[in-house]
Amino acid sequence: MPPIVEIRNVANFAGQEVTIQGWLYNLRESGRLLFPLVRDGTGIIQGVVVRSAVPPEVFARIRELTQESSLRVTGKVRADQRAPGGFELDVSHVEVLQLVPLDRPYPITPKEHGIEFLMDHRHLWLRSQRQRAILGVRHEIVKACRDYLDERGFTLVDTPIFTPAACEGTTTLFEVNYFEDKAYLTQSGQLYNEAAVMAVGKTYCFGPAFRAEKSKTRRHLTEFWIVEPEVAFAHLDDTMELAEALIAFVVGRVLEKRRPELETLERAIGPLEKCTPPFPRLSYDDAVKILQAKGSEIRWGGDFGGTDETILSENFDRPVLVHRYPSQVKAFYMTPDPVRPELALCVDVLAPEGYGEIVGGGERLADYDLLMKRIEENQLPRPAFEWYLDLRRYGSVPHSGFGMGIERVVAWICGLEHVRETIPFPRMLYRLTP
Ligand code: 4AD
Ligand code: MG
């Protein structure tokens, strides 16, 4: 029996007979020859079937193969410089596991389909070369985040998904029945990170977050993944440096390990290669001036819209760290700037090429009285925040951190128009299936 080999490894089997398990991607016929294109999740290889070289029933079986039929195909690996992966398979045998019936063919054909059709068939669309490339880059990004933090002494502490209170404003909360009570799906693990960091010094959580985003933008999902590091005794500058280093590391890792995927996606490499520290720093004040000079309606004190972020990021060839926004546009837990108390010690990182905010974070309020005041001003339910206030009653210290949205980073690094392709099964205002 020939060995079962993954397509990514065929180079090690040149001249040998192997079996590949996969799906039919495409089939071309030319006279006495058939060219089945087979994919197996690790790559794609073209088979060559010569009518005179195989038993008639084998030729007939391959000839009737339909797109996405599952199969085991056996043949000899042959190096061919013209072949996409550098190798072809001289087919001698095929075993069909399931033949997709002709009267109910695979719905996604090589022709162009509308985006809604593709999203409705997301469970199948994932099999395309492009989607597989995105899945690979996403995996690399997630792993790079974990590796970076793990190698630097951060302890992963998982934070809950059912929560009793809001972290990022009450307008985007998903409420769920919790027995006789109400609970909310977490918007961010940050508040729990703040408890964990007092136990382990440096922590991160990495999980899904939920926001009832009513807007239809290319940057918002209702369910997204976020990595959130938090460091005790760290100030705004420390957290800015950490965000900068993490982003540079992640981009570097993808460039190192996922070139083929970036090529499949036709992603220009040049702009990614520029993403080395130091990243420019820009105060909110200066950002407003830049925007106004470019014709934006923004007034000092307002938050940036998606278009403002795009304009700002287009000014720089690498991510830009925008710091010290007015407290009024930021969350209740932000520390005021001691020099200008109307500003928060916070930072947003905007990705280049118009991709907008990928990171939000800053220095947390460590002072009990100030925090109490902010909770009241924001009309947050005091009982749900008692435990959070405890963190300021028992050995409060300065601490800072941030959250980086995985889908925004995937969209940027892959060069995608919309976050809907960055996550296997996106959840958006008008999409809950498949
Ligand atoms: O800026 P945000 O709201 O910050 C926080 O949640 C902080 N509590 C994080 C922290 O300091 N630990 O969200 C952080 C990041 C954003 O920069 C963005 O990348 C992503 O989360 N994000 C979203 N991604 C996709 N869809 C949405 N609806 C998102 N909302 C935020
Ligand atoms: Mg933000």
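The values are calculated or read from the model by the stated rules, or taken from the named source; none is laboratory data. Remember, it's a predicted structure, so these values are computed and weren't measured experimentally. Positions of Cβ are backbone-derived with ideal geometry, glycine not excepted, and every protein chain shown enters the neighbour counts. In case anyone asks, the SASA skips ligands and DNA or RNA and just uses the protein heavy atoms, side chains included. Shrake-Rupley method; radii C 1.70, N 1.55, O 1.52, S 1.80 Å.
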Requested in this report: Give just the number: which of (1) farther than 30 Å from Glu112 by Cβ; (2) touching a Ser or Thr at 6+ places or on another chain (Cβ under 8 Å) does Gln129 not satisfy?
Outcome: (1)
Query raised in the report: Which one of these does Ser69 not meet: (1) over 19 Å from Tyr106 (Cα atoms); (2) without any contact (Cβ under 8 Å) to a residue 60 or more places away in the chain; (3) open to solvent by less than 20 Å² (accessible area, probe 1.4 Å)?
Result: (1)
Requested in this report: Write out, first by first residue and then by second, each pair whose Cβ atoms fall under 6 Å of each other, whose residues are 6+ apart or on separate chains, and whose first residue, in the range 212-238, is modelled with pLDDT of 95 or more while the second is more than 6 Å from ligand 1 (Cβ to nearest atom) and of a type in the set (Asp, Glu).
Outcome: His235/Glu363; Leu236/Glu363
Query raised in the report: Residues of the range 16-48 being part of a loop (DSSP other than H, G, I, E, B) and open to solvent by less than 50 Å² (accessible area, probe 1.4 Å), which ones?
Result: Asp40, Gly41, Thr42, Gly43
Query - Unique residue being away from ligand 1 (no atom under 16 Å from the Cβ) and not in a loop (DSSP other than H, G, I, E, B) when the list is Leu242, Leu255 - result: Leu255
Query raised in the report: Going through the range 213-239 one residue at a time, which ones are in contact with a Ser or Thr (Cβ under 7 Å, 6 or more places away or on another chain), open to solvent by less than 20 Å² (accessible area, probe 1.4 Å) and assigned to a loop (DSSP other than H, G, I, E, B)?
Result: Ala234
Query raised in the report: From the list Ala133, Ala165, which residue is assigned to a loop (DSSP other than H, G, I, E, B), surrounded by 17 or more Cβ atoms within 10 Å (Cβ to Cβ) and either of a type in the set (A, V, I, L, M) or within 16 Å of ligand 2 (Cβ to nearest atom) (or both)?
Result: Ala165
Report summary line: Within the range 327-356, residues part of a strand (DSSP E or B), within 11 Å of ligand 2 (Cβ to nearest atom) and in contact (Cβ under 8 Å) with a residue 60 or more places away in the chain come out as Cys346, Val347, Val349, Gly356
Query raised in the report: On the given criteria, is Glu363 over 18 Å from the mean Cα position of the chain (by Cα), among the acidic types (Asp, Glu), part of a strand (DSSP E or B) and in the same structural domain as Cys145 (by TED's automatic domain parsing)?
Result: yes
Query raised in the report: Just wondering, is there one or more residues in the range 324-341 that are of a type in the set (D, E, K, R), open to solvent by 20 Å² or more (accessible area, probe 1.4 Å) and within 11 Å of ligand 1 (Cβ to nearest atom)?
Result: yes
